[in-house]
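The structure appears below as structure tokens.
The values are calculated or read from the model by the stated rules, or taken from the named source; none is laboratory data. Note that the structure is a prediction, hence the values are computed from the model and not measured. Reconstructed Cβ throughout: ideal geometry from the backbone, glycine too, with neighbour counts over all protein chains shown.
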Ligand SMILES: Cc1ncc(COP(=O)(O)O)c(C=O)c1O
């Protein structure tokens, strides 16, 4: 690794105005954590909120619903308000509830309303499998065969989806389009405003899975006119494993009713009136269903406050700086070791992680793990490296690239079993 890269990285770290956040995260004492796009690290703020709720449970018992510092009854409303700036929504257009996949199902119950002439759903071949399962399931529920009614936009290179290819497949027979903001494997960031325009021109509704962009890329969902969106809070948001997920419903759909109503979606003032008829909350809160998992929601309060404090624009700009350095190093240092960058090079076309492709990606992942460096592997040949702007440094990037270079040049990775096993 040329010395100039290390010097450059150190210079960038010295001038990084987010660097003090690193001390607030719990990271391995030795090694480097680069898996924030699977499970974000725990922050002091998140853990404090969790411990406080545990104490409140011990001491307040049932009174915690109303007497806790952040009353549990309205905790998810607080979390939703803190999430608004992350997705560029208007107040009241976000809810925190359920899990990611359940939110997709729930939104589809209301947003996928096929008519005789419009029965098609458009998604893409590289979409996260759970989303595709949900789309197929929702088609089945309406007596429609996915083989006929789910159109998957193909990928030319197996890594990326061309926005024009989505526009080309659209027609007046398409009822709904569902795409990721950032593709989970390659890290490609799609042009959301372009896609919204293309879908609406054909009279279709469009939703986005923001799981790989929320907390690391800014959004303007309301301004862009996105109909609905959903995301998880355990990746870049660092809300903890299984944190309740997020959803967005555009203002223009505020009168739509949830297809899976439950009492937690009630207008708060009448929820405990226990009337047999559902009175929905006036905002996206109506998409909640049952009692929220308060212990899982608690860390999210600290995590979202921390993100709000750091600011999504600063986070995005550092993320681009980290991934630019990684791509430059991958080209310059790792290119000769059979690595290929599978992520678009333009900053405007990539999210927070970089996909390095290598024929021995699985073995190299195991070798990195044995040295305390935590990437993740996506079959068949991708090592995903996700530097989190709040706790990774430019020097971390140099270290991981050096480690990969040494492993390939020495052949040390060959001692690991080449057969991929259970992956996370
Ligand atoms: C892009 C994307 N969508 C959906 C999911 C599924 O999320 P959940 O398991 O929270 O339902 C994941 C999980 O990692 C994901 O990465």
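Screening region 1-103 for helices (runs of 4 or more DSSP H) wholly inside it with 2 or more residues that are over 22 Å from the mean Cα position of the chain (by Cα) returns the ranges 3-14, 44-60, 64-67.
Kindly provide the set of residues from region 155-190 that are touching a helix residue (DSSP H, G or I) at 6+ places or on another chain (Cβ under 7 Å) and either at pLDDT below 95 or buried (at least 17 other Cβ atoms within 10 Å of the Cβ) (or both), ordered by number.
First, the residues of region 155-190 that are touching a helix residue (DSSP H, G or I) at 6+ places or on another chain (Cβ under 7 Å): 163, 166-167, 170, 176-179, 181, 188-190.
Passing the criteria: 163, 166, 170, 176, 177, 178, 179, 181, 188, 189, 190.
Identify all residues within region 156-182 that are within 16 Å of the ligand (Cβ to nearest atom) and either touching a residue at least 60 places away in the same chain (Cβ under 8 Å) or not assigned by TED's automatic domain parsing to the domain that holds residue 233 (or both); write none if there are none. If the condition is that a residue be within 16 Å of the ligand (Cβ to nearest atom) and either touching a residue at least 60 places away in the same chain (Cβ under 8 Å) or not assigned by TED's automatic domain parsing to the domain that holds residue 233 (or both), then 159, 160, 178, 181, 182 are the ones that fit.
Within region 329-352, the residues that satisfy the criterion of being under 15 Å from residue 187 (Cα atoms) and exposed (fewer than 15 other Cβ atoms within 10 Å of the Cβ) are 345, 346, 348.
Scanning region 286-343 for residues that are under 23 Å from residue 45 (Cα atoms) and not in a helix (DSSP H, G or I) yields 292, 293, 311.
Just need a number here: residues in region 1-34 that are free of Cβ contacts under 8 Å to residues at least 12 places away in the same chain, over 15 Å from residue 319 (Cα atoms) and loosely packed, with under 11 Cβ neighbours inside 10 Å. Write out each step before concluding.
So the first thing to find is which residues in region 1-34 are free of Cβ contacts under 8 Å to residues at least 12 places away in the same chain, and the list is 3-4, 7, 11, 14-15, 20, 23, 29.
Right, trim to over 15 Å from residue 319 (Cα atoms) and you get 3-4, 7, 11, 14, 20, 23, 29.
Now restrict to residues that are loosely packed, with under 11 Cβ neighbours inside 10 Å: 3-4, 14, 20, 23, 29.
Total meeting the criteria: 6.
Considering 420, 389, the condition of being in contact (Cβ under 8 Å) with a residue 12 or more places away in the chain and more than 30 Å from residue 11 (Cβ to Cβ) is satisfied by 420 alone.
I'm trying to understand the selection: among the residues of region 220-235, which are more than 18 Å from residue 132 (Cβ to Cβ), more than 11 Å from the ligand (Cβ to nearest atom) and touching a strand residue (DSSP E or B) at 6+ places or on another chain (Cβ under 8 Å)?
Residues satisfying the conditions are 221, 226, 227.
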